[in-house]
Amino acid sequence: MLFGMESLVRQGSRAIAGLAWVTALVLALHGLSDIQASNVSVVAFPLVGVGAGVFMSLAAFNRSGRSRLAWFLLGLGVAMLGVGELVWAWHEMFLGVEPPFPGPPDIFYLSAYPLLVAGVLATPRLAPSSYQRGQQLIDMVVVVAGLALLAWMTVLVPMSQQTTELSPFEMMVGSAYPLGDIFLLATIGVVGIRRSLHVSDYPMWCVMAGLAVIAAGDFLYLVEMEEHSYVSGTWLDTTWLVSYGLFAASAYWLTMPIESRREREGRLPTWHALVPVGVVMLINGIRLYERFAAGESIAIEAILTVLAFLILGRLLMIVVEDRHLVEEDRKRLISVVSHELRTPLTAVDGYLDIVLDDWKGLGDNEKRQMIEIAQEQARLITRIVTDLVETSRNSLHSTKLQVETVDVGDLVGRVASQFEFGARFEVQLEPGCTVYADRRRIVQVVTNLVSNAERYGSGGRIVGAVRRVGDEVELAVHDSGPGVPRHLRERIWAAFERGVHRFDASTPGSGLGLAIVRSLVDAHEGTVGYRESEPLGGACFWARFPYQPVGTVQPGPLARIA
């Protein structure tokens, strides 16, 4: 805090807020005569206005960087309002007349608007994406245009019709007030619907509420001035006193520790998306009411309004559904981690337990073999995590391969030994089924297909088969489960797709294993597919790779990246 004045600012701002609200309560209860109420207003307004602005400016030094600038501008804007009140009070108390219009108070009143708008917009916010930036721009245009139209309908048009004796300059100054209030309200709306670091802490809530109360009071003041019914010291003055109290309260909260403030960095509430639309619907409702009160027919417009509300409800449902789907994807991603890492982690844990429990009883070759298997599985875990990241970026199909001549049958037998299937697992290997591929990626393909059969194969037999099919080597995994319905056989290869188990939480799985298989096989210039299992009658997922005889070099794309 500047010069160690934190305690002074905290106590002073609390006193100003209390004075403003107590004065507003006294005026609202009509406990004073008209002359007494007017005198109280003349004294209280400059005191709480200047006091709130000064304490806000001082409290800004409890922040740093852009946040300090934002709060200093806000405090300066409030102080300008207070100085305007002071000049007005000087004319009434010492000169015995109201200030002229336009006059010196208007200079300070109107200069406060750009300072307040700049201060609110300068509050720190999370860096938006291009989509969010465009969305915020559209929201601002809709809110500003809607509020401008509302002010035109309710204030400016009646003012131009009833105050023809005003000069053009007087009309311009008089119009600046509702236009300034429009920008204040639009700023509040835009800040309220953007992702900001400070939009949901107490100081900002106080400022936004204070600006809204000021705008409401200004509009009501213009209406009463048109009707020549405004009297100083009445209930209308309580609106501005309440706003000054809110500004002083924001200064008090600014002196509190930052840890006590809340930040909103996540997604915005659903209702925020409806703020711009709500402004337009409000204007339409006011317009319909005016036409109805004038005796005009509004049947067609009323029907269109009802349809618009229905469309608005439909859009809200789309937003809610979209957020629900995003939440489901988040849950699936958490499930992916356990699904993809369970098998290699089990292997690492199992082999290391064996080595540690029987260190003296195992030979050096056995120890080395088990440690090498654990190391291979640890590397597989690293590769799986990388694949998850690449899958989220949709780049797994273009991953770089470290290719060599690989015997697919040998890999299937090695992977099968890592699963505790016992007699349930059968291997049917045709000799000489070699391909030009990345050995670790093929192991990952085999592991995913076997894990899929174990999960959805109803606990029955599993057959891993490798054979030549023309100029290709086919790797197929059969199970004795219920299989995949015909209408899901193509969709089942998509990421997060679990077929008939999509909504079955009792069956574990993320729906990502087959998607990774398809991407890896595509990277090898191979193909994948599904058919009903001939030997077992369940599902058969297969992957085919170009056949590569031992001792030859693949002339295709895989050879170029080896």
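With the requirement that a residue be modelled with pLDDT under 75 and surrounded by 12 or more Cβ atoms within 10 Å (Cβ to Cβ), what does region 281-303 give you?
Across region 281-303, the qualifying residues are M281, L282, I283, N284, I286, R287, L288, E290, R291, E301.
Could you look through region 83-99, keep only residues that are within 11 Å of Y109 (Cβ to Cβ) and aliphatic (A, V, I, L, M), and pick out the one that is surrounded by the most Cβ atoms within 10 Å (Cβ to Cβ)?
Ranking the candidates gives V83 first.
Show the residue pairs that are 6+ apart or on different chains and have beta-carbon atoms under 8 Å apart, the first residue being within region 349-372 and in a helix (DSSP H, G or I), the second being among the charged types (D, E, K, R).
V355/K367
Could you give every pair whose Cβ atoms fall below 8 Å, whose first residue belongs to region 222-249 and is on the phi > 0 side of the Ramachandran plot, and whose second residue is at pLDDT 70 or above and in a helix (DSSP H, G or I), counting only separations of at least 6 or pairs across chains?
Correct list of pairs: G233/L27; G233/D34; G233/Q36; G233/A37; G233/S38; G233/N39; G233/V40; G233/S41.
What's the number of the only condition in (1) modelled with pLDDT under 85; (2) in a loop (DSSP other than H, G, I, E, B) that S451 fails to meet?
Failed condition: (2).
Filter region 1-19 down to residues that are modelled with pLDDT of 90 or more and surrounded by fewer than 16 Cβ atoms within 10 Å (Cβ to Cβ) and give me whichever is nearest to G51 (Cα to Cα).
Top of the filtered list is A15.
Within region 426-455, which residues are over 16 Å from D407 (Cβ atoms) and either among the polar types (S, T, N, Q) or surrounded by 22 or more Cβ atoms within 10 Å (Cβ to Cβ) (or both)?
Matches in region 426-455: Q444, T447, N448, L449, V450, S451, N452, A453.
Taking S33 as the residue in question, decide whether it is without any contact (Cβ under 8 Å) to a residue 60 or more places away in the chain and either within 46 Å of the chain's Cα centre (by Cα) or not assigned by TED's automatic domain parsing to the domain that holds A186 (or both).
No, not satisfied.
In region 454-488, which residues are among the basic types (K, R) and either modelled with pLDDT of 85 or more or assigned to a strand (DSSP E or B) (or both)?
Once the filter is applied, which keeps residues that are among the basic types (K, R) and either modelled with pLDDT of 85 or more or assigned to a strand (DSSP E or B) (or both), region 454-488 yields R461, R467, R468, R486.
With region 63-180 as the region, which helices (runs of 4 or more DSSP H) entirely inside it contain at least 1 residues that are of a type in the set (D, E, K, R) and modelled with pLDDT under 85?
Counting at least 1 such residues, we get 65-90, 130-151.
What pairs come up if the first residue lies in region 535-547 and is not assigned by TED's automatic domain parsing to the domain that holds R424, the second is modelled with pLDDT of 90 or more and among the basic types (K, R), and their beta carbons are under 9 Å apart, counting only those six or more places apart or on different chains?
Note: no pairs meet the criteria.
Is it true that G464 is touching a His at 6+ places or on another chain (Cβ under 9 Å), of a type outside the set (S, T, Y) and in contact (Cβ under 8 Å) with a residue 24 or more places away in the chain?
So G464 passes the test.
I need a count of the residues in region 510-545 that are part of a loop (DSSP other than H, G, I, E, B), closer than 16 Å to R467 by Cβ and among the polar types (S, T, N, Q).
Residues that pass the stated criteria total 1.
The values are calculated or read from the model by the stated rules, or taken from the named source; none is laboratory data. Predicted, not measured: the structure shown is a model, and the values here were computed from it. Ideal geometry is used to build each Cβ from the backbone, glycine not excepted, and the neighbour counts take in all protein chains shown.
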